[in-house]
Structure formats: C-alpha cells, structure tokens
Amino acid sequence: GESVGLHLPTLSVQEGDNSIINCAYSNSASDYFIWYKQESGKGPQFIIDIRSNMDKRQGQRVTVLLNKTVKHLSLQIAATQPGDSAVYFCAEKASGTYKYIFGTGTRLKVLA
Amino acid sequence: EAQVTQNPRYLITVTGKKLTVTCSQNMNHEYMSWYRQDPGLGLRQIYYSMNVEVTDKGDVPEGYKVSRKEKRNFPLILESPSPNQTSLYFCASSFSWDPTNYGYTFGSGTRLTVV
C-alpha cells in the first residue's frame, strides 16, 4: 500500500491496552477538530470530532479530549485491537473559515 | 455502497504529458476537494468545489486545474506535470463545506509519479 510517511512518530501499544495519541494544533481561533484514521493503502477515515465549546467527546471505544489552554488535542482508544493499527492525524478548522489544517500524523502499532 | 472513487490508483508518467485523475462520488455531496499528501507534511488542499460550476483554489493550486460540470464528478487535471507533483492524491467529499459529525469521505488515493 501507499506510504503516508516514512518517519512518522510511532506509538507501540500492547493489544488490549489503552492508546493515547496526541496532537498540538496551531491556531487558537480553531473551533472544530476532527480525528482521522488512515490504514495502509486507504484514504483517511473519520473517527470522531469535537467543537471548541466542548472539552471531551466519547464515541465507541474512542474519546477525544480538547485542552484549549495549551492548544492540545488527544485521542484515546480503549482496549486497542490489531485493527486499530494505522496512522492517526488530527485536523483543525479556524472559526469563520471552511479551511482545514491537517497534522502529519502518528503511527499506531498494536503488538500481539 | 456510499463511496468516493478515484482512478487510476497508480500512475507513472513523463514530464509535460497532460493527465487527468478522475473522482466520482455517489452520495449527492455538494462539497468536493482534492488534497495531496507528502511525507512529513499533512494533507494539503489543492482545489475545492462548493457545488456545480463553483470551484476555488486551496493552498497549493499551482500546476493543477479542476472542473465541476456535474455534481458527482470532480476531475483533477495536470496540464504539464512536473516531478515535484509526484505525490499521493486524495479526493474527498461532504454534504457541505462544514462536515460536522461526519468529516469528509475520502477516496482510496492515487499514487502519481512524474519522471
């Protein structure tokens, strides 16, 4: 499959453990954030989003936390499974615009 | 199945030879966009379209053209490809420019190599 980045930061997690992937965003005026998952050879896939008026949002096995004070976003994956192995990246949108800025991503490796 | 379809998946071409990468979506989405993905860089937007006959430049439009004659199709045209356009390209679509709760639906990508 296509390589999305040869030198991405990598997080290795034991199967069944929880994973935490971090993202520092750039614009304090950003009001909407998305986490994407990109498996090898595939396009990015929406995981979860959060608006800036929230601190936390939960989905199925995933939680996104937003800390606006330090412009930090994190994605928590509970009970990590082999199928979670992928590159994860965040995207931010500035208030009043329709443009998204995408992060470079973190590679998650799930160890059996 | 709801999807964004790009063709071709892989393409090797020579400098200066015009090419078109097709993108089609079957979800009646109004918004469509093209991105390129390069190692060490996040997705960068090339062009986007708010609806039929409405297109605009993204962050890296130089060397590319697009058209939106029909709602479902949004081809990316490289009139005179150069080696610096070697990249992984993604087409994406959404109901509107504001994809709250759904994000964009991305195609599987087109790996373009210009020699």
inquiry  = Taking the criterion of being touching an Asp or Glu at 6+ places or on another chain (Cβ under 7 Å), hydroxyl-bearing (Ser, Thr, Tyr) and either open to solvent by 20 Å² or more (accessible area, probe 1.4 Å) or closer than 25 Å to B:Val4 by Cα (or both), would at least one residue in the range A:59-71 satisfy it?
reply    = no
ask   = Failed condition for A:Gly43, given (1) free of Cβ contacts under 8 Å to residues at least 60 places away in the same chain; (2) out of contact with any Cys (no Cβ under 6 Å at 6 or more places or on another chain); (3) part of a strand (DSSP E or B); (4) facing chain B (nearest Cβ under 10 Å), with all others met?
value = (3)
Single match in A:Tyr98, A:Tyr36 (criterion: under 16 Å from the mean Cα position of the chain (by Cα) and within 11 Å of chain B (Cβ to nearest Cβ)) = A:Tyr36
request  = Evaluate the range A:1-12: report whether one residue or more is outside any loop (DSSP other than H, G, I, E, B) and buried (at least 18 other Cβ atoms within 10 Å of the Cβ).
outcome  = no
query = In this structure, is A:Thr104 on the phi < 0 side of the Ramachandran plot, in contact (Cβ under 8 Å) with a residue 60 or more places away in the chain, open to solvent by 50 Å² or more (accessible area, probe 1.4 Å) and within 9 Å of chain B (Cβ to nearest Cβ)?
reply = yes
task = Kindly list the number of the only condition in (1) modelled with pLDDT of 95 or more; (2) on the phi > 0 side of the Ramachandran plot; (3) open to solvent by 70 Å² or more (accessible area, probe 1.4 Å) that fails for A:Ala79.
result = (3)
request  = Just give me the residues in the range A:72-108 being polar (S, T, N, Q) and under 21 Å from A:Asp55 (Cβ atoms), in sequence order.
outcome  = A:Ser74, A:Gln76, A:Ser95
ask   = List the pairs whose first member sits in the range A:77-92 and is within 14 Å of chain B (Cβ to nearest Cβ), whose second member is outside any strand (DSSP E or B) and not basic (Lys, Arg), and whose Cβ atoms are under 6 Å apart, counting only residues at least 6 apart or on separate chains?
value = A:Ala86/A:Glu39; A:Val87/A:Val4; A:Val87/A:Gly105; A:Phe89/A:Gly103; A:Phe89/A:Gly105; A:Cys90/A:Gly103; A:Glu92/A:Tyr25
ask   = Do we have any residue at all in the range A:69-92 that's in a loop (DSSP other than H, G, I, E, B), touching a strand residue (DSSP E or B) at 6+ places or on another chain (Cβ under 9 Å) and within 19 Å of B:Leu41 (Cα to Cα)?
value = no
query = Within the range B:41-59, is there a residue that is more than 9 Å from every other protein chain (Cβ to nearest Cβ), surrounded by 14 or more Cβ atoms within 10 Å (Cβ to Cβ), in a loop (DSSP other than H, G, I, E, B) and in contact (Cβ under 8 Å) with a residue 24 or more places away in the chain?
reply = no
key: Matching residues in the range B:94-107 - criterion: being closer than 20 Å to B:Arg68 by Cα and either facing chain A (nearest Cβ under 9 Å) or open to solvent by 10 Å² or more (accessible area, probe 1.4 Å) (or both)   = B:Phe95, B:Ser96, B:Trp97, B:Asp98, B:Pro99, B:Tyr104, B:Thr105, B:Phe106, B:Gly107
Top-ranked residue of the range B:69-93 - restricted to ones that are in a strand (DSSP E or B) and surrounded by fewer than 22 Cβ atoms within 10 Å (Cβ to Cβ), ranked as farthest from the other protein chains (Cβ to nearest Cβ) = B:Ile77
Unique residue being farther than 18 Å from B:Asp38 by Cα and touching a Gly at 6+ places or on another chain (Cβ under 9 Å) when the list is A:Ile20, A:Ile48 = A:Ile48
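The values are calculated or read from the model by the stated rules, or taken from the named source; none is laboratory data. Everything quoted here is computed from the prediction, not taken from an experiment. So basically every Cβ, Gly included, is an ideal-geometry build from the backbone, and we count neighbours across all protein chains shown. To get the accessible areas, we keep the full protein, side chains included, count just its heavy atoms, and leave off ligands, DNA and RNA. Shrake-Rupley method; radii C 1.70, N 1.55, O 1.52, S 1.80 Å.
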